[in-house]
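A.B. asks: Before I ask anything, let me first share the structure, which is written out below as structure tokens.
The values are calculated or read from the model by the stated rules, or taken from the named source; none is laboratory data. Values in this document were obtained by computation on a predicted structure and should not be read as measured data. All Cβ positions, even for glycine, are placed from backbone atoms using ideal geometry, and neighbour counts span all protein chains on display.
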Amino acid sequence: MNGRYLWVWTLVLGLVTHSASVNRMVSLPPSERSVSRPLRQSEDPVTPEGDFGGGERDLEEPLNERDALRRVLEEKEELLSRIGMLERANRELTLANSVIASTPSDEKIGNTRPADCADHFVMGAKTSGIYEIYPFTCLCGEPLRVYCDMETDGGGWTVFMARQPGDIPLGFNRSWSEYRSGFGDASGEFWLGNVHLHAMTSSREYALRMDAHLSSGDVKFGAWGSFRVSTEANRFRLSLSSYSAESTTRSNCLPNVNGLLFTTYDRDNDETTGNCAVTEGGGFWHYRCNNLIHPTASRSEGLTSSCFNNQQDTAVFLQLKIRPVICESFVKTIFLNANKCHSCP
């Protein structure tokens with residue numbers, strides 16, 4: 001048996017053995033059960049601390065049959081619950097181990113590369129900041145520099161778009177090729193790149209989160225359970241669903257973007273006769289030029305929305321970020337990218 005899971009199975013076997021003994025006790029007739037509880041009699045003398053020779057030991061008062069059976073059943077349920085948790089943990093660990101074991105011997109854990117911020121988090125990184133990632137792609141070259149949010153809602157978020165105050169705002173009215181490859185700097189305002197979003201979301205199931213700091217001082221967030229970007233040949237079609245009821249925004253800020261194609265000023269893929277990227281001033285999955293919020297427009301035109309509060313409010317800080325859905329499971333697992341140049345399957 002793999003040594004890394006020996007402790008899990010040892011604990012499981014111990015719990016199973018103990019559970020079996022509990023089952024045997026339940027099956028015994030009441031006269032043969034020996035369940036009791038300690039009871040100190042009011043007249044018992046108190047033994048001074050350190051004096052082991054005086055005083056009387058606690059007497060034991062037998063439980064009645066109903067209380068004894070209830071206690072045994074409660075203990076049995078707790079043991080079964082623990083066994084179930086260990087079984088789920090073992091399945092998660094087995095999945096992670098199968099990924100690592102399937103890599104060539106010269107590409108084991110020492111040489112594998114984090115595919116996203118969640119991998120960095122699982123490996124021990126707990127501070128938000130700039131990290132290097134290698135998305136699930138066969139593209140060779142330098143790693144991607146991204147901002148990793150290691151604090152919000154458990155951490156492990158890869159930020160793919162950021163808008164924040166600065167002396168010189170970054171313009172987001174960019175071409176198709178710029179949105180394809182990404183632009184800006186991860187330490188400030190930037191867009192990660194649609195090819196990288198596709199590479200990441202095509203190999204793992206991701207959730208989307210939007211964090212907004214408003215001019216009023218409020219902080220709002222929206223969350224979606226599923227986020228996926230298709231290939232460039234499919235014009236980076238967006239799949240977005242499962243808006244979370246736990247979101248603190250007044251309403252779904254992106255209610256109509258599921259299934260839409262990406263549009264820039266030089267690639268018109270929206271559903272209107274004009275070009276929304278031209279009229280709105282930035283590339284995005286445009287819905288007839290009237291999204292509730294347009295994250296890539298100029299601050300004065302795009303970062304104001306009624307979806308934040310009851311009245312229109314402006315976001316002075318806005319982030320779009322993704323995280324693998326498996327981070328919501330019982331055990332956070334790691335899925336490292338071990339692909340090397342010219343060796344992808």
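A.B. asks: Which members of the range 262-275 meet the condition of being part of a loop (DSSP other than H, G, I, E, B), of a type outside the set (Asp, Glu) and out of contact with any Leu (no Cβ under 8 Å at 6 or more places or on another chain)? Lay out the reasoning, then the answer.
C.D. replies: Taking the range 262-275 first, the residues part of a loop (DSSP other than H, G, I, E, B) are 262, 265-266, 268-275.
Retained after the next criterion (residues that are of a type outside the set (Asp, Glu)): 262, 265, 269, 272-275.
Within the range 262-275, 265, 272, 273, 274, 275 meet the criteria.
A.B. asks: Do we have any residue at all in the range 182-195 that's crowded, with 19+ Cβ neighbours inside 10 Å and of a type in the set (Ser, Thr, Tyr)?
C.D. replies: Checking the range 182-195: not a single residue is crowded, with 19+ Cβ neighbours inside 10 Å and of a type in the set (Ser, Thr, Tyr).
A.B. asks: Give me the residue from the range 159-190 that is in contact with a Pro (Cβ under 9 Å, 6 or more places away or on another chain) and in a strand (DSSP E or B) and, out of that set, farthest from residue 268 (Cα to Cα). Walk me through how you get there before you give the answer.
C.D. replies: Narrowing the range 159-190 to residues in contact with a Pro (Cβ under 9 Å, 6 or more places away or on another chain): 161, 163, 172, 189.
Keeping just the survivors that are in a strand (DSSP E or B) gives 161, 163.
Working: 161: 21, 163: 24 Å.
Once the filter is applied, the top-ranked residue is 163.
A.B. asks: Got a sec? Which of 227, 221 is closer than 16 Å to residue 305 by Cβ, in contact with a strand residue (DSSP E or B) (Cβ under 9 Å, 6 or more places away or on another chain) and aromatic (Phe, Trp, Tyr)? Steps first, answer last, please.
C.D. replies: Values: 227 fails: closer than 16 Å to residue 305 by Cβ.
Testing whether each residue is closer than 16 Å to residue 305 by Cβ, in contact with a strand residue (DSSP E or B) (Cβ under 9 Å, 6 or more places away or on another chain) and aromatic (Phe, Trp, Tyr) leaves just 221.
A.B. asks: Among the residues of the range 308-324, count how many are farther than 22 Å from residue 193 by Cβ and surrounded by fewer than 22 Cβ atoms within 10 Å (Cβ to Cβ).
C.D. replies: Count: 7.
A.B. asks: Same structure again: Would you please name the residue that is farthest from the chain's Cα centre (by Cα), looking only at residues in the range 225-247 that are part of a loop (DSSP other than H, G, I, E, B) and closer than 20 Å to residue 294 by Cβ? Steps first, answer last, please.
C.D. replies: Kept after step one, since they are part of a loop (DSSP other than H, G, I, E, B), are these residues of the range 225-247: 230-237, 244-247.
Imposing the further condition that a residue be closer than 20 Å to residue 294 by Cβ reduces the set to 235-237, 247.
On the way: 235: 27, 236: 23, 237: 23, 247: 15 Å.
Only one residue fits best here, namely 235.
A.B. asks: Pick from the range 110-139 the residues that are of a type in the set (Phe, Trp, Tyr) and part of a loop (DSSP other than H, G, I, E, B): which of them is modelled with the lowest pLDDT?
C.D. replies: Going through the range 110-139, the residues of a type in the set (Phe, Trp, Tyr) turn out to be 121, 131, 134, 136.
Among the residues that remain, those that are also part of a loop (DSSP other than H, G, I, E, B) are: 134, 136.
On the way: 134: 89, 136: 68.
Across the range 110-139, the extreme among qualifying residues is 136.
A.B. asks: Among (1) outside any loop (DSSP other than H, G, I, E, B); (2) among the β-branched types (Val, Ile, Thr); (3) within 22 Å of the chain's Cα centre (by Cα), where does residue 278 come up short?
C.D. replies: (3)
A.B. asks: Right, something else. Would you tally the residues in the range 202-220 being touching a residue at least 60 places away in the same chain (Cβ under 8 Å), of a type outside the set (D, E, K, R) and part of a strand (DSSP E or B)?
C.D. replies: Initially, the range 202-220 is screened for residues touching a residue at least 60 places away in the same chain (Cβ under 8 Å), giving 202-216, 218, 220.
With of a type outside the set (D, E, K, R) added as a condition, the list becomes 202-203, 206-208, 210, 212-216.
Pick out the ones that are also part of a strand (DSSP E or B) and you get 206-208, 210, 212-214.
Of the residues in that region, 7 qualify.
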